[in-house]
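All remarks here apply to the structure that follows.
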Amino acid sequence: LNPISNELYIADYNNHRVVGYLSGTPTLVAGGNGPGSLNTQLYYPAGLTFDVSSNSLYISNHYGHSIVRWILGAPTWTVVAGVPGASGNTPLLLSYPQGFIFDHMGNLYVAEYYNYRIQLFVAGSLSGTTIAGVASIPGSAADLLNCPYAVAFDSDLNLYVADSANHRIQKFLRY
């Protein structure tokens, strides 16, 4: 939700776009150019958040293996994390990013559905560090994740992970 205009933004997953709703009328906000990894396309956008300070949407480009930033009104996006179109488990690559969150310092935390990990990208860095789970190893032990779906913080900045294939919420103490 854009608190200035009251426009509601929705990741239209199967149509590879983000639409905005203001007074019930949908408008194309991002993507809409078919699925793909070009900077004018989205590829199954799975999550998004609006940043008031930059008038931008941050979008988890699920099949595009990246988190991108799309300034409202701009024709293209820029990469925040991952390499568009390239899946992997190195510090520079993501595999099907799903949910993500920023902390108050601008650090990005990404739930990687098929890398079974949470990656931390320090503000301004394209290289991530695994802070929960183990890359490419699913499991149900306390230190493993299986298809993490979403992330959230509590007031003490403890990280909560919706560990979907394990049907649980994992709590990780402040990093």
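Kirkwood-type hydrodynamic radius, the stretch 77-175: 13.2 Å, calculated from all non-identical alpha-carbon pairs. Quick one: which residues, 5+ away or cross-chain, put their amide H under 5 Å from the amide H of Leu42? H built at 1.01 Å from N. Counting only residues 5 or more places away or on other chains, the set is Gly32, Asn33, Gly36.
What relative contact order, as a whole-number percentage, does the chain give when Cα pairs under 8 Å and 6 or more residues apart are counted? Answer for the chain is 11 percent.
Which shape class, rounded, prolate or oblate, goes with the stretch 64-115 when its Cα gyration tensor gives a ≥ b ≥ c as root eigenvalues, a/c under 1.5 marks rounded, and past that a/b bigger than b/c marks prolate? Oblate shape, in that a/c is at least 1.5 and b/c is the bigger or equal ratio. The loop-placed trypsin sites (Lys or Arg not before Pro) in the stretch 69-175, going by DSSP, that have at most 14 neighbouring Cβ atoms within 10 Å of their Cβ come out as Arg174. From the Cα gyration tensor of the chain, with a ≥ b ≥ c the square roots of its eigenvalues, which class applies: rounded if a/c is under 1.5, or else prolate if a/b is larger than b/c, or else oblate? Judged from the Cα gyration tensor, the chain comes out prolate (a/c at least 1.5, a/b above b/c).
Take every Cα pair under 8 Å whose residues are at least 6 apart in sequence, average their separation, divide by the length of the stretch 99-165, and the relative contact order is 27 percent.
Amide H to amide H, with H built 1.01 Å from N, Val29 comes under 5 Å of Val18, Val19, Gly20, counting only residues 5 or more places away or on other chains.
Across the stretch 162-172, rounded Karplus estimates of 3J(HN,Hα) from the backbone phi angles (6.51 cos²θ - 1.76 cosθ + 1.60, θ = phi - 60°) give 7, 8, 5, 6, 9, 6, 8, 10, 9, 10, 10 Hz, Gly and Pro being marked x. When both the stretch 18-75 and the stretch 92-125 are represented by their alpha-carbon centers, they are found 17 Å apart.
Compared with the direct C-alpha span, the chain from Ser5 to Thr25 gains 5.9 nm at full extension, assuming 0.36 nm per residue. Once the Cβ-Cβ distance of Asn55 and Leu92 is raised to the sixth power relative to R0 = 35 Å, the FRET efficiency obtained is 0.80. Here the label points at Tyr149 and His104, each 7 Å from Cα along the C-beta direction, are separated by 3.0 nm in the simple model. Computed over the stretch 1-102, relative contact order equals 19 percent, with contacts defined as Cα pairs under 8 Å that lie 6+ residues apart.
Extending 7 Å from the Cα toward the beta-carbon at both Thr129 and Ala142 defines two label points whose distance is 2.2 nm. Per-residue Karplus couplings for the stretch 26-31, computed as 6.51 cos²θ - 1.76 cosθ + 1.60 with θ equal to phi - 60°, are listed in order as x, 9, 6, 10, 8, x Hz, Gly and Pro entered as x. Per-residue 3J(HN,Hα) values for the stretch 94-106, derived from phi via the Karplus relation 6.51 cos²θ - 1.76 cosθ + 1.60 with θ = phi - 60°, read 10, 10, 6, x, 10, x, 8, 8, 9, 8, 5, 9, x Hz in sequence order (x marks Gly and Pro). Positive end of the dipole of the stretch 19-175 (Cβ unit charges, origin at the Cα centre): among Gly124, Pro75, Ser164, the Cα lying farthest that way belongs to Pro75.
FYI, it's all coordinate maths here, none of it is from the lab. Small disclaimer: the values here were computed from a predicted structure and weren't measured. Reconstructed Cβ throughout: ideal geometry from the backbone, glycine too, with neighbour counts over all protein chains shown.
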